[in-house]
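Step one of this worksheet: look at the structure below.
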Amino acid sequence: MHWLLSVPDTFSLRQVVRRSGWLLYPPFHVQTLGDRLLRVEQLGEKTTVGLTVCQAPAGLVVHTEPHLSAAEVEEASRKVWHMLRLDENLEPFLRAARRHRALRAVKRTGARLIRGVDLFEHVTVATLATWDPHGMPQFGRVAGLINRLGFPLQRNPTFHSFPTPERLLVGAESLHDIFAPHIVVRLTSIARAFATQPARIDLLVRQPLDANKLARRLADELLLDALGTGLLMLYLGRYDYIPTDSVAQRRVGEHLLGGAPASQQEIVAFFDRWDPWGGLAYWLWDWSQVPATIPETAPY
């Protein structure tokens, strides 16, 4: 079956997929050169489906092989809407960014970034992210979690959905085969919090807190490192949060100072011109001229 979702006039699925390439991990699967996006998703308590999304003149077409109930269609639509950030208006940022050389790629691919379908996924993916040698997030560990504990897609059992908190807790012991003990502890703690008190974490992220204060509270509450905190704030759409970790210090230092690491104050001052989009400008910045190394003592 298939159905249509309305989208903003400026929305382009191809642009979003191209822009979000570095953020895509299973259960996302890009098809036909970025014109179609497959997301394997668990609906309700027992239905695992492949949601294939493509764009047509009338809007987004969402296709599934099994016939879904009205409640499942509503749930699937809500998740697609969330993961493609169809509620965001980034036009003010785009108008400013197009005038800056380091952000000129937004002319081709926009600034909209794909994210997961719920807060549990955001937190879990942020916990598992690591730096690659170029100082960009990588999500190889996410695939290990999904292959081990995700719900398999019936028509293609090699594809899995993102596990629920309850499923992660039940299979936590098996995670020791693929993750270091401290990672298993973090994942188990997160899953337990979402399985028992999901409203508490949801309430925390919805509080009208200063970005830095919220980031500190989330890092403490969820045992997140600097990369995880920055990614979670990005997933939450808190673009007013500007990363100031050691990778940011190196990147901005190379850009501004020719080598010496920038201070946290210098980083914030540099991106404050984009307020309240400073964090988004940081993540979309063209750092290609910065040497492809990470700090020897990076704590990630």
Any residue on another chain or 5+ positions along whose placed amide H is under 5 Å from the amide H of Asp240 is listed here as Gly279
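On average, how much area does the Cα convex hull of the stretch 1-89 cover when viewed from any direction, in nm²? Numbers along the way, then the final one.
Numbers: hull surface 23.4 nm².
About 5.8 nm², averaged over all directions.
Using Cβ counts within 10 Å as a stand-in for footprinting exposure, how do Thr124, Thr32 rank, fewest first? Write out the running numbers ahead of the final one.
Numbers: Thr124 26, Thr32 9.
Placing the least packed residue first, the sequence is Thr32, Thr124.
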Treating only Lys and Arg (+1) and Asp and Glu (-1) as charged, each at its beta carbon, one finds that the stretch 52-113 has a dipole about its Cα centre, in Debye to the nearest 20, of 880 debye
So for R0 = 41 Å, FRET eff. of Trp22-Lys46 from the Cβ-Cβ r, to 0.05, ends up at 0.80
Summing -39500 (n - 2.57) over every DSSP H run of at least 4 in the chain, dividing by its residue total and rounding to the nearest 500, the 222 nm mean residue ellipticity is -12500 deg cm²/dmol
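Over the Cα atoms of the chain, compute the convex hull volume and normalise it per residue, giving Å³.
Numbers: hull volume 41.8 nm³, N = 300.
Convex hull of Cα atoms, per residue: 139 Å³.
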With +1 at each Lys and Arg Cβ and -1 at each Asp and Glu Cβ, the charge dipole magnitude of the chain around its Cα centre, to the nearest 20 debye, comes out at 700 debye
Residues whose modelled amide H sits under 5 Å from the amide H of Gly59, counting only those 5 or more places away in sequence or on another chain, are none
Taking R0 as 25 Å and r as the Cβ-Cβ distance between Ser288 and Val30, the FRET efficiency 1/(1 + (r/R0)^6), rounded to the nearest 0.05, comes to 0.65
Among Leu103, Val49, Gln15, the residue whose Cα sits farthest towards the positive end of the charge dipole of the stretch 10-152 (+1 at Cβ of Lys and Arg, -1 at Cβ of Asp and Glu, taken about the Cα centre) is Leu103
Between the modelled labels at Leu257 and Val61 (7 Å from Cα along Cα→Cβ) the distance in nm is 5.4 nm
Under 5 Å from the placed amide H of Arg36, counting only residues 5+ away or on other chains, we find Gln31
Once phi for every residue in the stretch 190-200 is put through the Karplus expression 6.51 cos²θ - 1.76 cosθ + 1.60 (θ = phi - 60°), the whole-Hz ³J(HN,Hα) values, with Gly and Pro written as x, are 5, 4, 5, 5, 6, 6, 9, 9, x, 5, 5
So for R0 = 45 Å, FRET eff. of Lys213-Asp177 from the Cβ-Cβ r, to 0.05, ends up at 0.75
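Let me spell out the model: positive unit charges on the Cβ of Lys and Arg, negative unit charges on the Cβ of Asp and Glu, origin at the Cα centre of the stretch 167-238. What dipole size does that give, in debye rounded to 20? Mind showing how you got there, number by number?
Values: 9 positive and 7 negative charges, 55 e Å.
That gives the stretch 167-238 a dipole magnitude of about 260 debye.
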Computed on Cα atoms, the radius of gyration and Dmax of the stretch 118-237 in angstrom are 14.5, 46
quick shape note, the stretch 206-272: Cα extents on principal axes in Å, largest first -> 39, 23, 17
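Bear in mind these aren't lab numbers, they're just calculated from the coordinates by the rules spelled out. Nothing here was measured: the structure is a model prediction, and the numbers come from that model. Positions of Cβ are generated from backbone atoms using ideal geometry, with glycine treated the same way; all protein chains shown enter the neighbour counts.
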